[in-house]
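Working notes, structure below.
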Amino acid sequence: MALNVSGLVALIVFYAITLATGIWASRKGKKEENTKPSEVAMVGHRKMNFCIGLSTATATWVGGAYINGTAEIVYLSSRGLVWVQAPAGFALSLLLGGLFFVNPMRSKNYVTMMDPIQEAYGNVMGSLLFLPPLIADVFWFAAILASLGATMKVILDIQDYLAIILSACTVILYTLLGGLYSVAYTDVIQLAFITVSLWICIPFAIMNSATESISYTAASNSFQAPWIGKVEMQYVGRWLDDFLYLVLGGIPWQTYFQRVLSASSSREGRLISYLSGVGCFVMAIPSVLIGAVAASTDWNQTDYGLPSPNDRGESALILPLVLHHLCPLYISIGGLGALAAAVMSSGDSALLSASSMFAHNIYRKVLRTKATENDVLWAMRASMVAFGAVSAALAFYSHSIYDLWFLGGELVYALLFPQLCCVLFIPSTNTYGSAAGFLFGLLLRLLAGEPSLKIPPVIHYPGCFLVDGAYIQLFPFKIVTMLATLLTIVSVSYLAAFLFKANILPSKWDVCKIMKDDRVLISLAQKEKRDECTKTEEL
C-alpha cells in the first residue's frame, strides 16, 4: 500500500483550520480577561454562549475512543449491540449530573470539582484525590490518540507515531493559547465535521456488494454471530456493573463540570447537561451502523481478504477498515477527518481538565499560596505540555483502545465519586472518613486485579473465572468497591467525630482539626444568643 498523499494533504488542511480557529478563539478569551484571567481560561468567565456550551459538552464525550470503541463492540462476535453501554450510560450520567450536581456546584461558584473536596477535607486530601482524575484524563487522551494513530495507519499508510505526535502537538498548542474559549470554539467545528463525515460514509458502506443487509444479519448472520448480541446469564452481573460504572462514574469528571460551571446560570448549566446527553446518544448511531456493516461483510470479497478482522485480532480497527475497504477513497478520507476531529474534541478537554485542577487546586492552593494570576496561568500551560507529552508516550503502548478507555475512569468511580457525593450531600463527613475511604477503596480495587494490565486478583469474588490465562471477575465488584468507599467515609467520619466529642480520644490527637470547626460554630452560636439576650434586656 502506498502513501495516500491527497488524504494526508486534506488532513493537514483540516488541522490547520482547527488550529486557526483555536488561535482566533484565544483572542476572544483575552478580551474577556479582567482581574481573574485564570478563571477566564478555566471556566470562560462564567458567561459561555449556550449553543457553544452545548456543542463543546457534546463533543467532549464523543471522542475517538467513543466512536471507535462503539463500532468495535458491535462488530465483535462475542459482544454485539447489547454490550454497547456507553451511549445510554453517558446519556443517563449527564441527566443525573444535571438533576443533582449542577445546582450545588454552580451556586457556590466553584472553579473545579476539586474545590468542594479541598474546602471540606483540606489540602492534603485534595492533593491525594487529584491523582485519580489526573490519571483518568491522561489515560483518556492516550486512548484517543492511539485510536487516531491506528486509523491513519490503515487509511493513509503512515506510521502511527507521526499521527500521534501531530495530533498531540496541535491540541496542546491551541489549548495552551486560549484555554476554554479555544477548546469550545474548535469543538463546534469538530462536532459538525464528525456528524457530516460519518453519516456520509454510511450509505456507501451499507450498499457495498460485499455486505449483506444489516437487518437480516441482526438475527441470522452467515459470517459470524448476529450483531445484536446477547447477554448470557452468567454475565448479567458484569453487564450491570459496567453500566452503573458508566452512569455514575461519568459524573465526577472536571471536563463535565468545566462546561456546566462556564454557563451563565444554573438553569443553562442544567439544560446543557440534559441536551448534551441526548446529543451523545445520537452521535453513537453512525458507529453502531458501521459496526453492524462490518459484522455483515464477507471480507473475502474485499481487498482485505481472509481471515476476517476478528480472526486477525484487529477488531479495534474495524471502523477505519470499513471506511478503507467498503467506501470510496474520498469518502474514507472524510471519515478519517471525523475521527481526527473526535480526537481533538476530547483530547483538548482532557488536557484543559487536568491542567486546570493542577494550576488551581495544587499550584495555587498548596505549592504557592501567594501565586499571582500570571503565575497560575503559566503553571496551567506548563502542565498542559507535561500531561500531553505523557499521554502521547502512553499512546505508543496502547494495545486495546476500548480497555484503556474503560480503565481510565475506574479509579475516579471507585475513589472520587463517593467523596464528591459526601461533600455535596453529607456535609457532616470529615477528613478522617475521607482518608479512610480513599485508602480502603484503593486497596479493594487493586486486590480485584486487572486483566488488561495482567494484574492477577487477590480477592476472588463469586464468578471469578480463569479465561486464556487471565482471571475475569463476573461479580459486580466495581459497584461494591464504590459503595464500600462511600460507607467507609460516612462511618469513619461519624466515629471520629463521636470519639473526639465524647473525649474518648484527647483533642491533641485531632491532627485534622475537625473539632476546631465545630468549636467555632458553637462559639458563634453562643455569641449570637448573647447578643439577642442583650438586645432583649435593652428593650
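Note down all Cβ pairs under 6 Å where the first residue falls in region 382-406 and is modelled with pLDDT under 90, the second is not in a helix (DSSP H, G or I), and they're at least six residues apart or on different chains.
Short answer, once both residue conditions are applied: 404/398.
Any residue that is small (Gly, Ala, Ser), in contact (Cβ under 8 Å) with a residue 60 or more places away in the chain, closer than 30 Å to residue 322 by Cα and assigned to a helix (DSSP H, G or I) - is there at least one of those in region 350-357?
Scanning region 350-357, I find at least one residue that is small (Gly, Ala, Ser), in contact (Cβ under 8 Å) with a residue 60 or more places away in the chain, closer than 30 Å to residue 322 by Cα and assigned to a helix (DSSP H, G or I), so the answer is yes.
Pick from 463, 409: which is on the phi > 0 side of the Ramachandran plot and modelled with pLDDT under 90? Give the steps one after another, and end with the answer.
Numbers: 409 fails: on the phi > 0 side of the Ramachandran plot.
Result of the check over 463, 409: 463.
Condition first: touching a Pro at 6+ places or on another chain (Cβ under 8 Å) and not hydrophobic (A, V, I, L, M, F, W, C). Can you find one or more residues in region 491-512 that meet it? Steps first, answer last, please.
Step one: filter region 491-512 for residues touching a Pro at 6+ places or on another chain (Cβ under 8 Å), giving none.
No - not one qualifying residue is present in region 491-512.
Out of 247, 231, which single residue is within 30 Å of residue 47 (Cα to Cα) and aliphatic (A, V, I, L, M)?
Just a single option satisfies the conditions, and that option is 247.
In region 52-126, which helices (runs of 4 or more DSSP H) lie fully inside it and hold 3 or more residues that are within 18 Å of residue 273 (Cβ to Cβ)?
In region 52-126, the matching helices (runs of 4 or more DSSP H) lie at 86-96, 102-107.
Is one or more of the residues making up region 31-40 more than 28 Å from residue 325 (Cβ to Cβ), among the basic types (Lys, Arg), assigned to a loop (DSSP other than H, G, I, E, B) and at pLDDT below 85?
Yes, region 31-40 has at least one match.
Counting just the residues of region 54-90 that are surrounded by fewer than 23 Cβ atoms within 10 Å (Cβ to Cβ), out of contact with any Ser or Thr (no Cβ under 7 Å at 6 or more places or on another chain) and among the aliphatic types (A, V, I, L, M), which one comes out farthest from residue 420 (Cα to Cα)?
81
Mind checking which residues of region 196-221 are part of a helix (DSSP H, G or I), surrounded by 18 or more Cβ atoms within 10 Å (Cβ to Cβ) and among the polar types (S, T, N, Q)?
Once the filter is applied, which keeps residues that are part of a helix (DSSP H, G or I), surrounded by 18 or more Cβ atoms within 10 Å (Cβ to Cβ) and among the polar types (S, T, N, Q), region 196-221 yields 197, 217.
For residues that are touching a Phe, Trp or Tyr at 6+ places or on another chain (Cβ under 9 Å) and more than 23 Å from residue 189 (Cα to Cα), scanning just region 156-172, find the one that is surrounded by the fewest Cβ atoms within 10 Å (Cβ to Cβ).
Per the stated criteria, the residue is 161.
Does residue 138 meet the test of being part of a helix (DSSP H, G or I) and under 30 Å from residue 309 (Cα atoms)? Write out each step before concluding.
Working: part of a helix (DSSP H, G or I): yes; under 30 Å from residue 309 (Cα atoms): yes.
Judged against the criteria, residue 138 is a match.
Which residues, counting only those in region 222-265, are more than 13 Å from the chain's Cα centre (by Cα), assigned to a helix (DSSP H, G or I) and surrounded by fewer than 24 Cβ atoms within 10 Å (Cβ to Cβ)?
233, 234, 235, 236, 237, 238, 239, 240, 241, 242, 243, 244
Being within 30 Å of residue 154 (Cβ to Cβ), touching a Gly at 6+ places or on another chain (Cβ under 6 Å) and basic (Lys, Arg) narrows it down to one of 106, 79, so name that one.
79
Considering only region 466-497, state which residues are β-branched (Val, Ile, Thr) and outside any strand (DSSP E or B).
Across region 466-497, the qualifying residues are 479, 480, 481, 485, 488, 489, 490, 492.
Which of the numbered conditions does residue 109 fail, given that it passes all the others? Conditions: (1) surrounded by fewer than 17 Cβ atoms within 10 Å (Cβ to Cβ); (2) closer than 23 Å to residue 414 by Cβ.
(2)
Per-residue answers, yes or no, for (1) of a type in the set (Lys, Arg); (2) under 18 Å from the mean Cα position of the chain (by Cα):
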{"site": "4", "(1), (2)": "no, no"}
{"site": "16", "(1), (2)": "no, no"}
{"site": "21", "(1), (2)": "no, no"}
{"site": "28", "(1), (2)": "yes, no"}
{"site": "58", "(1), (2)": "no, yes"}
{"site": "77", "(1), (2)": "no, no"}
{"site": "81", "(1), (2)": "no, no"}
{"site": "86", "(1), (2)": "no, yes"}
{"site": "101", "(1), (2)": "no, yes"}
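Only one residue in 305, 334 is of a type in the set (Gly, Ala, Ser), outside any helix (DSSP H, G or I) and either surrounded by fewer than 24 Cβ atoms within 10 Å (Cβ to Cβ) or at positive phi (or both), so which one is that?
305
Can you tell me which of (1) in contact (Cβ under 8 Å) with a residue 24 or more places away in the chain; (2) closer than 22 Å to residue 94 by Cβ is the one residue 49 doesn't meet?
Result: residue 49 fails condition (1) only.
Checking the conditions here, which among 238, 259, 270 is among the basic types (Lys, Arg) and at pLDDT 95 or above? It would help to see each step written out before you state the result.
Details: 238 fails: at pLDDT 95 or above; 259 fails: at pLDDT 95 or above.
One residue alone meets the criteria, 270.
Which pairs do you get when a residue that is over 17 Å from residue 344 (Cα atoms), found in region 17-38, comes within reach of a residue that is modelled with pLDDT under 65 and buried (at least 19 other Cβ atoms within 10 Å of the Cβ), reach meaning Cβ atoms under 9 angstrom, with the pair 6+ apart or on two chains?
37/29
Hey, can you tell me all the residues within region 262-283 that are free of Cβ contacts under 8 Å to residues at least 24 places away in the same chain and over 18 Å from residue 44 (Cβ atoms)? Steps first, answer last, please.
The first filter runs over region 262-283 and keeps only residues free of Cβ contacts under 8 Å to residues at least 24 places away in the same chain, leaving 267, 282.
Matches in region 262-283: 282 only.
Cβ-Cβ distance below 7 Å, separation of 6 or more or different chains: which pairs start in region 440-451 with a residue that is closer than 11 Å to residue 481 by Cα and end on one that is crowded, with 17+ Cβ neighbours inside 10 Å and of a type in the set (D, E, K, R)?
Note: pairs meeting the criteria are 445/410.
Please go through region 461-506 and give me each residue that is in contact with a helix residue (DSSP H, G or I) (Cβ under 6 Å, 6 or more places away or on another chain), surrounded by fewer than 16 Cβ atoms within 10 Å (Cβ to Cβ) and small (Gly, Ala, Ser), ordered by number.
470
If you scan region 112-153, which residues turn out to be closer than 25 Å to residue 327 by Cβ and surrounded by 22 or more Cβ atoms within 10 Å (Cβ to Cβ)?
143, 144, 145, 146, 147, 148, 149, 150, 151, 152
The values are calculated or read from the model by the stated rules, or taken from the named source; none is laboratory data. None of these values were measured; they are calculated from a predicted model. Cβ sites come from the backbone with ideal geometry, for glycine too, and all protein chains shown count toward neighbours.
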